Amino acid sequence: MLRDFPTSFWRDAASDETVRPLDHDVTTEVVVVGAGIVGVQTALQLAERGKQVVLVEAARFATGTTGYTTAKVSAQHGIVYTELVKSIGEAKARLYYEANMEALRFLEKQVETLNIDCDLERQYAYLYTLSSSSSATLLEEEEAAYHQLGIDGGDATSEVNRLLPYAVKKATVMRDQLQFHPVKYLQGLMKRFRELGGTLHEMTRVTGIEYGTPNRLETNTGHAIEAQDVVVATHFPFNDFKGLYFAKMEVERSYVVSAEVDEFPEGMFISVDKPSRSIRHVKLENGKKMAMFGGENHVTGHKQETVACYEALGEFGMRHFGAETFSYHWSAQDLITLDKVPYIGRMTADTPHVYVATGFSKWGMSQGIVAACLITDLITKRQNRYEELYDPTRSKWKLADAARFMKTNADVAKEFVKGKLKPSHKQVGDLGLDEGAIVNHDGEHVAAYRDPDGNVSMVGTACTHMGCTVSWNEAERSWDCPCHGSRFKPNGEVIEGPAVKPLSRKK
Ligand code: FES
């Protein structure tokens, strides 16, 4: 049913050309680290305001989460407003909504001004439940929060029952949201950034930072970048020990499968049931629709049989929408903060020229634009009314936040110890083709993978972030860390952080 290796529909639009890695030391006004939606958007806005900007990316641009999203650009972030009103109060919950809606309108205007062909279209966003009465009550409460905050939306149960091919018990709409093609969009931004004299270096991973005036960044190419201002737009901050970001975010993976179908309803839908389902479509030039079915979230590194996640989504698409051939399947990593509000702004009080944007939950397209606008304003010393809401150094934790903090760290400790004690009876010779496992090799635990051609790679099992034991992800062919979500290729190279160093090579 699925192609062998995960491939994103969006990444098909990417070019094969690599922009040269950093091959000399450089001094600039601003360095932006990470070329996803936050990095590229921030780099462009700063360049438009006359700043000299260097943008560096560890892999290729738009290959991180931005290339592997469902690309809904929405202020409807699941059931969130009820919780926000309770946790941060009505005024800030309203600001959160307004920040996201402002990002949507900004995006529309930017796409028009720069004439970017990125399949942007307005869609209604719907939450729905199939059966659970407690979920229906949650949706009723969310609608009350919409009303309280002046959000354009409300009950849409009969509307959704007309649209979807199965009966829902309760549904809630938020009107005039957006969907687009994220890679085409970023290509448009990148083109403009380079026209303005901005510089991009791909295949350049920042491995360390010396804070000062200027800040000095080390990279894996052996060259350094000095910059007055540093924007950390690497999804998980590569310098996460500054501000203890590893301890205040949860990391989840979620999955998408997509298939061409003849008919698909207008709208973007998310079920609030378990397992959740997130669905949307793209209109294709041949008149058909590329349907996307997302869900099956789990904490990163806590599930090895990840092929089953794709299969469950495929079965859902076949049963309800007549999908047959799944041309693409992909997954993404989501970072969730303790209070569900992203961390955007100055990274810590003692590094006022280092900025971070992270913890967008599953809503990086809208919150990524919020982040870019806010950080650009901070660097160029303009007022921004969302600064306090997103301040990464906000310290007034609620009791519930503290409880989650404790749990997250207790889980990390458990994974750390569990990995060290668990015996492995498997040997390298036991591995089949395209199979990975922790094996016992010369008396030590080794993370081993035998590729489809029979070649074996062996690396150390200790994550280079804080030493937890990595576990095999069979669908992505990666070693995933259960503690803070670092991921590594079979040969040990970092796919995503917080780790910045590869797993140790074994002979
Ligand atoms: Fe923190 Fe692996 S990501 S220990």
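Do the conditions hold for F416, that is, is it within 11 Å of the ligand (Cβ to nearest atom), at pLDDT 90 or above and of a type outside the set (D, E, K, R)? Judged against the criteria, F416 is not a match.
Those residues that are assigned to a helix (DSSP H, G or I) and within 14 Å of D119 (Cα to Cα), I need them from segment 176-195; list them, please.
Initially, segment 176-195 is screened for residues assigned to a helix (DSSP H, G or I), giving 182-195.
The answer is P182, V183, K184, Y185, L186, Q187, G188.
Does at least one position in segment 39-55 carry a residue that is in contact with a Pro (Cβ under 8 Å, 6 or more places away or on another chain) and under 30 Å from A291 (Cα atoms)? Taking every residue of segment 39-55 in turn, none turns out to be in contact with a Pro (Cβ under 8 Å, 6 or more places away or on another chain) and under 30 Å from A291 (Cα atoms). Among the residues of segment 156-171, those identified as closer than 11 Å to A136 by Cβ and either in a loop (DSSP other than H, G, I, E, B) or not aliphatic (A, V, I, L, M) (or both) are T157, V168, K169, K170.
Among the residues of segment 272-290, write down those that are surrounded by fewer than 24 Cβ atoms within 10 Å (Cβ to Cβ), in contact (Cβ under 8 Å) with a residue 60 or more places away in the chain and in a strand (DSSP E or B). Residues satisfying the conditions are S278, V282, K283, M290.
Residues being more than 13 Å from the ligand (Cβ to nearest atom), under 25 Å from A62 (Cβ atoms) and in a strand (DSSP E or B) are represented in segment 232-243 by at least one member.
With the requirement that a residue be under 10 Å from E57 (Cβ atoms), out of contact with any helix residue (DSSP H, G or I) (no Cβ under 6 Å at 6 or more places or on another chain) and part of a loop (DSSP other than H, G, I, E, B), what does segment 23-38 give you?
So the first thing to find is which residues in segment 23-38 are under 10 Å from E57 (Cβ atoms), and the list is 32-36.
Adding the requirement that they be out of contact with any helix residue (DSSP H, G or I) (no Cβ under 6 Å at 6 or more places or on another chain) leaves 33-35.
Residues satisfying the conditions are G34, A35.
Out of curiosity, is K303 surrounded by fewer than 22 Cβ atoms within 10 Å (Cβ to Cβ), closer than 30 Å to G345 by Cβ and either of a type in the set (K, R) or in contact with a Lys or Arg (Cβ under 7 Å, 6 or more places away or on another chain) (or both)? Please lay out each step first, then the result.
Numbers: surrounded by fewer than 22 Cβ atoms within 10 Å (Cβ to Cβ): yes; closer than 30 Å to G345 by Cβ: no; either of a type in the set (K, R) or in contact with a Lys or Arg (Cβ under 7 Å, 6 or more places away or on another chain) (or both): yes.
In short, no.
For segment 204-247, a residue qualifies if it is of a type in the set (D, E, K, R) and surrounded by fewer than 22 Cβ atoms within 10 Å (Cβ to Cβ), and the qualifying residues are E210, R216, E218, E226, K242. When V261 is tested against (1) within 21 Å of the chain's Cα centre (by Cα); (2) at pLDDT 95 or above; (3) not basic (K, R), just one condition goes unmet, and that condition is (1). Free of Cβ contacts under 8 Å to residues at least 24 places away in the same chain and not β-branched (V, I, T): is that true of H201 in this structure? When the stated conditions are applied, H201 does not pass them. Each residue in segment 479-491 was checked for being over 15 Å from H298 (Cα atoms) and within 13 Å of the ligand (Cβ to nearest atom), and 2 of them qualify. In the set (1) more than 16 Å from the ligand (Cβ to nearest atom); (2) at pLDDT below 95, the condition left unmet by D377 is number (2).
For first residues located in segment 362-373 and farther than 14 Å from E98 by Cα, partners that are assigned to a loop (DSSP other than H, G, I, E, B) and modelled with pLDDT of 95 or more and lie 6+ apart or on another chain with Cβ distances below 6 Å form the pairs W363/H77. Applying the condition of being touching a residue at least 40 places away in the same chain (Cβ under 8 Å) and more than 9 Å from the ligand (Cβ to nearest atom) to segment 453-468 and asking which residue is nearest to L335 (Cα to Cα) yields T461.
The values are calculated or read from the model by the stated rules, or taken from the named source; none is laboratory data. Owing to the predicted nature of the structure, the values given are computational and were not obtained by experimental measurement. Ideal geometry is used to build each Cβ from the backbone, glycine not excepted, and the neighbour counts take in all protein chains shown.
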